[in-house]
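In what follows, a structure is listed as structure tokens, so that the remarks can point back to it.
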Amino acid sequence: MNNSEQVAYFDHAATTPMVPEAIAVMAEELARTGNASSLHASGRGARRTVEEARELIAERFGARPSEVVFTSGGTEANNLAIKGLYWARRAQDPARNRIVFSSIEHHALLDPVTWLAKHEGAEIDMTPVDATGRILVDELRAGVERDPTTVSVVTTMWANNEMGTIQPVADVVRIAREHDIPVHSDAVQAAGYVPLDFGASQLDAMTITAHKLGGPVGVGALLIRRELEATPLLHGGGQERDLRSGTLSVPLIAAFAAAVDVTVARQAETVERIEGLRRRLVEGIVRVIPDAIINGDPEPGPDHRLPNIAHVTFPGCEGDAMLMLLDAQGIECSTGSACAAGVPQPSHVLLAMGYDDVAARGSLRFSLGHTSTEADVDRLLEALPAVHQRAQKASLVRGAS
Ligand SMILES: Cc1ncc(COP(=O)(O)O)c(C=O)c1O
């Protein structure tokens, strides 16, 4: 029995199973030798595989092949985008030391930004969000226009990883472009669920990663316009336009392309199926737990929210307790909170949306994906009332002590 038969998996936003096509390509490539920088036949073969993968990924995401820079994943691509653009822009003009970004970014973006503030003299300008987790465009405009000549880079994620809320990327691009400021978007959660066209978006840089769309963990890409200057983080053999040195992993890159191929080709059909499963899930949750609150933007569609994420608050419960009780029954989901030194911390996304600590800690994220089934949803709905009751009791006992 494999993992997916034992477990009802609701954590596809953390990582989703590889599609069989990507596993097959990866296994085949693992059995081959060749450094894509070598000049002999094996090296040339490896190079061909990498370049075919690059062309496919570029084509599916509306980019030119030369705009695809392979990285070890979303975290590295975000670091390269934000640090690389900040350093390059500041080197051209030392007055450009401001970074405009949103309060709901993933830590893979938030932490490099705060690192630049701490160690590299960056001034950070955080854009607030509304109660659905969507950034307030007027606030972002005000932040930029406070003094556009001091901004080095603007960045807004495409879709939020906790709430699924889609961000007004086109409006953000327009504001940045008016002032000739490079603009980046972390599209890690959107890729595979929302149509993405890098060229049409007019973004300067965009992050994607393989393991959220059916590819392997450990590979991703920064799509970055060719003419844009960015300072590399890694120095070495000069691979990837001198922007990202290091021997390329041919099996990971080939499997990434195979996953993109399959996922984008099936996107419309998958989104429709998953939207239906999500509807079954949220309608079921409010039926079995009437005081549950479904967070984020209720409206479906690529301007509103991702089809695969349902974020739910269970008043009077600790999300962590519910997660562990569900896990004991083979049902896997996630809380929005990160654990710092063993103490659950409420998520910065929920706090930015105006939730208090208690509501933020009483929330769970259920995320669906290509292997999700109606049986998974029904299994969760069956387990939920008893789990909720136990978590509520535990919370009352803790509150009373
Ligand atoms: C929005 C977002 N950005 C970046 C990342 C990091 O990507 P990776 O795991 O490939 O480093 C994640 C992963 O959870 C994410 O959800």
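The values are calculated or read from the model by the stated rules, or taken from the named source; none is laboratory data. Everything quoted here is computed from the prediction, not taken from an experiment. Glycine gets a Cβ as well: all are built from the backbone with ideal geometry, and neighbour counts include every protein chain shown. Areas reflect the complete protein model, heavy atoms only, side chains present, ligands, DNA and RNA absent. Shrake-Rupley method; radii C 1.70, N 1.55, O 1.52, S 1.80 Å.
Observations
- Once all protein chains are placed together, Thr114 keeps about 60 Å² accessible to a 1.4 angstrom probe.
- Fraction of antiparallel bridges per DSSP, the chain only, in percent to nearest 5: 60
- Residues of type lysines that Lys83 reaches as a straight line, Cα spacing below 19 Å, ignoring anything fewer than 8 places off in the same chain: Lys118
- Candidate aspartates and glutamates for bridging to Lys212, where Cα separation is under 13 Å - those fewer than 8 sequence places away on the same chain excluded: Asp11, Asp186
- Linear extension gain, Glu51 paired with Gln6, 0.36 nm per residue minus alpha-carbon span: 12.3 nm
- Pairwise label distance in nanometres, Asp111 with Ala31, each label 7 Å out on the Cα-Cβ vector: 3.8
- Shape category assigned to segment 249-401 from the gyration tensor of Cα positions, a/c cut at 1.5: prolate
- Taking each DSSP H run with n ≥ 4 as -39500 (n - 2.57) and averaging over every residue of the chain yields -13500 deg cm²/dmol at 222 nm.
- Cα centroid separation, segment 107-186 to segment 1-78: 29 Å.
- Extension gain, Ala328-Arg279: 0.36 nm per intervening residue step, less the Cα-Cα distance, totals 15.1 nm.
- Peptides 191-204, 322-335, ordered by how many other C-beta atoms sit within 10 Å of their residues on average, highest first, read 191-204, 322-335.
- Residue-span extension gain [Ser38 to Ala200] - 0.36 nm each, minus C-alpha spacing: 54.8 nm
- His119/Arg146 FRET efficiency (R0 35 Å; Cβ-Cβ; nearest 0.05): 0.90
- Computed over the alpha-carbon atoms, segment 20-264 gives an Rg to Rh ratio of 0.98, Rh here being the Kirkwood radius from the mean inverse distance.
- Taken about its Cα centre, the chain carries a charge dipole of roughly 540 debye when the Cβ of each Lys and Arg holds +1 and the Cβ of each Asp and Glu holds -1.
- Computed over the chain: relative contact order in percent, which uses C-alpha pairs under 8 Å that are six or more apart: 22
- Most mobile listed residue (Glu229, Glu178, Glu272) in the chain, GNM with C-alpha springs under 10 Å: Glu178
- Table column - 3J(HN,Hα) (Hz), segment 178-186, Karplus curve with 6.51, -1.76, 1.60, x for Gly and Pro: 3, 10, 6, 10, x, 10, 10, 9, 8
- Share of Cα-Cα pairs in segment 349-401 lying beyond 19 Å, as whole percent: 50
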